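Data first, discussion second: the structure below is written as structure tokens.
The values are calculated or read from the model by the stated rules, or taken from the named source; none is laboratory data. Predicted model, so just to flag it, every value in this text is computed and none were measured. Every residue, glycine as well, gets a Cβ built from its backbone with ideal geometry; the counts of neighbours run over all protein chains shown.
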Ligand SMILES: [Zn+2]
């Protein structure tokens, strides 16, 4: 399963081809902003996908239209994920969608806060994937009674400043936080967010400085292996 592709010109699909993962069982697009779904067309065409997974969508979005059309052309079924849906994958890997409800969005401004949120569980280890949630999306997530502590948190929205971040941290109490971020003009990740996590004793990894962050999960423990070890 691949959750988000990065931009079109990021060669995730070349890495997938080289790794021999072909076709993908699942490609999940948390939302259709290009830094998350820009590579989906190439992956659908060149790597192949057995199930494309999407959630609440902006149907007028050109990238959304393109992805859905290519999926149709390639006879790739689309699984529409809504809050409460569960995917049971091989080897006991369980993935639950914590939100949002499936709905049609009206403007681009709604995309981030309606990113698909996934709780992945393998044995005793829980990982929370939060897409690009911002304040409103995080507050919606905090309303979910099922939201519990996790070992690993994919920090929402590239570590951007967020007034709800401390509440999310208190609620999910991660041991490890991973910030997926590259060069950007927005100042991601925000220093205050990194400090918030580090002051709470959370080990923070960030892809802009450490490259790919590999998490090797066994049933009762996990290890995090950054591509570049900077002893942060
Ligand atoms: Zn993003």
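Within the range 12-33, work out how many residues are more than 16 Å from the ligand (Cβ to nearest atom) and closer than 13 Å to residue 46 by Cβ.
Summing the residues that are more than 16 Å from the ligand (Cβ to nearest atom) and closer than 13 Å to residue 46 by Cβ in the range 12-33 gives 11.
Looking for whichever is surrounded by 13 or more Cβ atoms within 10 Å (Cβ to Cβ) and part of a helix (DSSP H, G or I) here; the options are 83, 45, 15. Which one fits?
Step by step, each of 83, 45, 15 is checked, and only 45 is surrounded by 13 or more Cβ atoms within 10 Å (Cβ to Cβ) and part of a helix (DSSP H, G or I).
Can you say whether residue 168 is more than 16 Å from the ligand (Cβ to nearest atom), more than 20 Å from residue 56 (Cα to Cα) and at pLDDT 95 or above, as far as the supplied structure shows?
Here the answer is yes, as residue 168 does meet what is asked.
Among residues belonging to the range 36-55 that are within 16 Å of the ligand (Cβ to nearest atom) and free of Cβ contacts under 8 Å to residues at least 60 places away in the same chain, point out the one that is nearest to the chain's Cα centre (by Cα).
37
Residues that are surrounded by 17 or more Cβ atoms within 10 Å (Cβ to Cβ), more than 16 Å from the ligand (Cβ to nearest atom) and at pLDDT 95 or above: does the range 133-141 have at least one?
yes
Of all residues in the range 91-121, which are in contact with a helix residue (DSSP H, G or I) (Cβ under 7 Å, 6 or more places away or on another chain) and outside any helix (DSSP H, G or I)?
If the condition is that a residue be in contact with a helix residue (DSSP H, G or I) (Cβ under 7 Å, 6 or more places away or on another chain) and outside any helix (DSSP H, G or I), then 98, 99, 100, 105, 115, 117 are the ones that fit.
Just for the range 112-124: of the residues that are surrounded by fewer than 22 Cβ atoms within 10 Å (Cβ to Cβ) and under 17 Å from the mean Cα position of the chain (by Cα), which one is nearest to the ligand (Cβ to nearest atom)?
112
Does the range 63-75 include one or more residues that are crowded, with 22+ Cβ neighbours inside 10 Å, in contact with a helix residue (DSSP H, G or I) (Cβ under 6 Å, 6 or more places away or on another chain) and either touching a residue at least 40 places away in the same chain (Cβ under 8 Å) or assigned to a helix (DSSP H, G or I) (or both)?
Yes, there is a match, as at least one residue in the range 63-75 is crowded, with 22+ Cβ neighbours inside 10 Å, in contact with a helix residue (DSSP H, G or I) (Cβ under 6 Å, 6 or more places away or on another chain) and either touching a residue at least 40 places away in the same chain (Cβ under 8 Å) or assigned to a helix (DSSP H, G or I) (or both).
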